[in-house]
Every structure is written in C-alpha cells, then in structure tokens.
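Working notes for the structure below.
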Amino acid sequence: MRRLMLAIAAAAVLPLTPALADWPPSKWGMTPEQVQAAVPGAKIVPFDSSFNLRGLNLLAEAPVSDAGLQLKARYYFAPGTRQLGMIDFLPNNPDDCAAYRNALIARYGKGESEESVMGEGDQAFDVLAIEWPNAGTDRMNYAEAKRGDMIGMCKLIIQKR
C-alpha cells in the first residue's frame, strides 16, 4: 500500500491545469484554524513532513461527501505563512474510486487523461491521471493507481494557482 501511496504522490506532481476558484466553505489563504472554524468536522492535524505534497504542509482534515460518496478532504498550507494553497479529496473506500472518477468526468467533462505504468514486474501498477484545463482559475487533477483490477488509491487534487 505504501508503494501505491507513493505512486499517487508521484502522479500528483504531473503538470496541472486550471480548475475552480476556492472550495467553499474554505477559501484560499485561510489558516488551519480558519479552515477548522469554517468546515464542518475539520480538525487540525499535527505536522508530519512525510505528508508534505508539492511543498505544502498537511495541517487539517475533514470528512466530506461528494457525488454521494464519503471522502476525506486534506488541507495543505504554505510553510511559514500557513495559508491554504491546496486540498485533496480521497474516497474513504478505494472501491469508490471508479464511481468518483465517473462523477468527476460527468461534472467537469472528459478532461485530458494520461495512463502510465510505475514500477517493474510484480511491483508495477497502472496510474491514470486526468487534468481539466477548462475548469476555472485553479489547478485540478485526478490521480488513480491500480494493480490489475484492484484500485489501491485515488484522489482529486485542487491547488491554488
């Protein structure tokens, strides 16, 4: 599972394209405390550099729902200023990844997708990355890693431009 998480992180650094501005009730530039106050169920999480992504620190999480699915929203903040700069959304159940992907495609359109293989031999897994270049002013992409028919992990990543 650690390798699948690394694959998602690797896919997350693919070039991104625009998406929608702000993600209510959170707003870009909020501090972790402001996110906690604005987002129902949000909790501040202790800093752990192993969860950093794209130079940002994971400092808050919240349960959310989208497309009838239960997800975890993770809020990432700029070091120093502690301003919100990125959010990712992960289905609580990896079995929901296909339904989540399909709901995102229905909402935002087909997007631009790229498939790749990461790793070798029996450690290899397939990665699907979808970018939406016409979704607004922020960056938005979806990444999914699977081995055979088993999806290991997926996430939607929204980042302030």
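The values are calculated or read from the model by the stated rules, or taken from the named source; none is laboratory data. Just so it is clear, the model here is predicted, and its values are computed rather than measured. Positions of Cβ are backbone-derived with ideal geometry, glycine not excepted, and every protein chain shown enters the neighbour counts. Areas reflect the complete protein model, heavy atoms only, side chains present, ligands, DNA and RNA absent. Shrake-Rupley method; radii C 1.70, N 1.55, O 1.52, S 1.80 Å.
Somewhere in the stretch 73-93, is a residue open to solvent by less than 50 Å² (accessible area, probe 1.4 Å), among the polar types (S, T, N, Q), touching a Phe, Trp or Tyr at 6+ places or on another chain (Cβ under 9 Å) and modelled with pLDDT of 95 or more? Outline the logic, then answer.
Taking the stretch 73-93 first, the residues open to solvent by less than 50 Å² (accessible area, probe 1.4 Å) are 73-78, 84-91.
Within this subset, residues satisfying the condition of being among the polar types (S, T, N, Q) are none.
No, the stretch 73-93 contains no residue that is open to solvent by less than 50 Å² (accessible area, probe 1.4 Å), among the polar types (S, T, N, Q), touching a Phe, Trp or Tyr at 6+ places or on another chain (Cβ under 9 Å) and modelled with pLDDT of 95 or more.
Among the candidates Val45, Val35, Val39, which residue alone is aliphatic (A, V, I, L, M), open to solvent by less than 40 Å² (accessible area, probe 1.4 Å) and farther than 19 Å from Lys160 by Cα? Walk me through how you get there before you give the answer.
On the way: Val35 fails: farther than 19 Å from Lys160 by Cα; Val39 fails: farther than 19 Å from Lys160 by Cα.
Result: Val45 is the single residue among Val45, Val35, Val39 that is aliphatic (A, V, I, L, M), open to solvent by less than 40 Å² (accessible area, probe 1.4 Å) and farther than 19 Å from Lys160 by Cα.
Give me a count of the residues in the stretch 113-138 that are more than 21 Å from Asp96 (Cα to Cα), assigned to a strand (DSSP E or B) and open to solvent by 80 Å² or more (accessible area, probe 1.4 Å).
1
The conditions are (1) open to solvent by less than 50 Å² (accessible area, probe 1.4 Å); (2) assigned to a strand (DSSP E or B); (3) farther than 25 Å from Asn57 by Cβ; (4) out of contact with any Ser or Thr (no Cβ under 7 Å at 6 or more places or on another chain), and Ala98 fails exactly one of them. Which is it?
Of the numbered conditions (1) open to solvent by less than 50 Å² (accessible area, probe 1.4 Å); (2) assigned to a strand (DSSP E or B); (3) farther than 25 Å from Asn57 by Cβ; (4) out of contact with any Ser or Thr (no Cβ under 7 Å at 6 or more places or on another chain), the odd one out for Ala98 is (2).
What are the pairs with Cβ atoms under 8 angstrom where one residue, in the stretch 45-69, is free of Cβ contacts under 8 Å to residues at least 40 places away in the same chain and β-branched (Val, Ile, Thr) and the other, located anywhere, is part of a strand (DSSP E or B) and surrounded by 15 or more Cβ atoms within 10 Å (Cβ to Cβ)? Sequence gap at least six, or different chains.
Sorted first by the residue in the stretch 45-69, then by its partner, the pairs are Val45/Leu58; Val45/Leu59; Val45/Ala60; Val45/Glu61; Val64/Leu71; Val64/Ala73; Val64/Phe89.
With the structure loaded, tell me whether Arg74 is among the basic types (Lys, Arg), part of a helix (DSSP H, G or I) and within 25 Å of Asp22 (Cα to Cα) or whether it fails that test.
On the way: among the basic types (Lys, Arg): yes; part of a helix (DSSP H, G or I): no; within 25 Å of Asp22 (Cα to Cα): yes.
Criteria not met by Arg74.
Identify, please: which residue in the stretch 61-72 is of a type outside the set (Gly, Ala, Ser) and out of contact with any Phe, Trp or Tyr (no Cβ under 9 Å at 6 or more places or on another chain) and is, among those, most open to solvent (accessible area, probe 1.4 Å)? Walk me through it before giving the result.
In the first step, residues of the stretch 61-72 are kept if they are of a type outside the set (Gly, Ala, Ser); the result is 61, 63-64, 66, 69-72.
Now restrict to residues that are out of contact with any Phe, Trp or Tyr (no Cβ under 9 Å at 6 or more places or on another chain): 63, 70.
Values: Pro63: 88, Gln70: 104 Å².
Among residues in the stretch 61-72 that are of a type outside the set (Gly, Ala, Ser) and out of contact with any Phe, Trp or Tyr (no Cβ under 9 Å at 6 or more places or on another chain), the one most open to solvent (accessible area, probe 1.4 Å) is Gln70.
In the stretch 63-82, which residue that is small (Gly, Ala, Ser) and under 15 Å from the mean Cα position of the chain (by Cα) is farthest from Val35 (Cα to Cα)? Before you say what the answer is, go through the steps one by one.
Taking the stretch 63-82 and keeping what is small (Gly, Ala, Ser), we get 65, 67-68, 73, 78, 80.
Checking which are under 15 Å from the mean Cα position of the chain (by Cα) leaves us with 65, 73.
Details: Ser65: 17, Ala73: 11 Å.
Per the criteria, the residue is Ser65.
Of the residues Leu104, Leu58, which is modelled with pLDDT of 95 or more, surrounded by 17 or more Cβ atoms within 10 Å (Cβ to Cβ) and over 25 Å from Phe125 (Cα atoms)?
Numbers: Leu104 fails: over 25 Å from Phe125 (Cα atoms).
After ruling out the rest, the residue left standing is Leu58.
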